[in-house]
Amino acid sequence: MSPFSKHRPFISLSRRQRRQKVIELKNRIYRERHRCGGIFYDYCDIQHYKDNPDHIWVWSDIYFVGGDPADLWNAEIITVNMALQNAVHDRAFNEAWAMLSKQEQEDEVRYETTPNVNSKGKIISHTLVHREKQAYEIFGGLTMWQFIEKREREITHDEPPEVVCGYQLLPGFAYGHGLRMIVGAETLSVPIIEAAIEDFLGKGKGRGLMESGIRGARI
């Protein structure tokens, strides 16, 4: 069963149920220790990044156990540069989206397809119909995505958002305690992920960390 199957939040499960999930995760981590190192589990194709050093590993979903036998962590780990790019993109997108009318927003997300039929006349797939992107006067004659790219460059140069290394608790996860980890590295690796986990657990397995954000110095 996928760990993402819909059920009630992990924290609401009985201690016995949570311990069982921890045992299952420990077994999976042990089986995959040759690939993931033996401290965490990751669906990511780690070997691909080892074989292709020009492909930068900037984000992953990882799973590791806490100090309590009934605790496991479901964490997004991301490099600080990638986190900055995401924050810049989110700001630019939200600005552009807010400038459009409701009808224009609906037009932007609307898509059309044409059916593909086999020799028996049965629809077997659909092909996305290409539509020319709409240019808007409010964007200075640019399409929405052209405007977003323009704003991304401006925000990065003139007013970069504050993004720092650290940890953010994400409540309500169905599989494990939710966590976001931002690390100060150009690229992820097994040793870097292991060091981040060790540092996080060394701070008391998340106790006392802010749930509303991540605090620290601007990069």
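For the chain, the relative contact order comes to 25 percent (Cα pairs under 8 Å, sequence separation of at least 6). Protein-only accessible surface at a 1.4 angstrom probe places the residues Asp45, Asp68 in the order Asp45, Asp68, largest first.
For the chain, the C-alpha radius of gyration divided by 2.2 N^0.38 Å, with N the number of residues, is 1.28. Normalised by the number of residues in the stretch 12-75, the mean separation of alpha-carbon contacts (under 8 Å, six or more apart) gives a relative contact order of 35 percent. Loop-resident trypsin sites (Lys or Arg not before Pro) (DSSP state other than H, G, I, E or B) in the stretch 1-80 with no more than 14 further Cβ atoms inside 10 Å of their Cβ: Lys6. Applying both filters, DSSP loop and at most 11 other Cβ atoms within 10 Å, to the GluC sites (Glu not before Pro) of the stretch 92-139 gives Glu112, Glu132. Between Thr114 and Glu162, what is the label-point separation in nm under the 7 Å Cα-to-beta-carbon projection? Label-label distance for Glu162 and Thr114, simple model: 5.3 nm. Glu194 exposes around 40 Å² of accessible area when a 1.4 Å probe is run over every protein chain in place.
Rounded to the nearest 0.05, what FRET efficiency is calculated for Asp54 and Arg28 with R0 set to 45 Å and r the Cβ-Cβ distance? That gives a FRET efficiency of 0.90. In the chain, excluding the sites themselves, the longest stretch lacking any of the chymotrypsin sites (Phe, Trp or Tyr not before Pro) that are in a DSSP loop with at most 12 other Cβ atoms within 10 Å is 112-219. The solvent-accessible area of Leu72, taken with every protein chain present and a 1.4 Å probe, is close to 0 Å².
Only helical runs count toward this figure. For the chain, summing -39,500 (n - 2.57) over DSSP H runs of n ≥ 4 and dividing by all residues gives -11500 deg cm²/dmol at 222 nm. Taking 7 Å steps out from each Cα toward its Cβ at Val129 and Gln85 produces label points 3.4 nm apart.
Note on exposure: Lys150, Lys102, Lys203, Lys120 ranked by accessible area (1.4 Å probe, complete protein assembly) read Lys120, Lys102, Lys203, Lys150, with the most exposed listed first.
The values are calculated or read from the model by the stated rules, or taken from the named source; none is laboratory data. Note that the structure is predicted; figures quoted are calculated from it, not measured. So basically every Cβ, Gly included, is an ideal-geometry build from the backbone, and we count neighbours across all protein chains shown. Remember, those area values only see protein heavy atoms, side chains included, never the ligands or the DNA or RNA. Shrake-Rupley method; radii C 1.70, N 1.55, O 1.52, S 1.80 Å.
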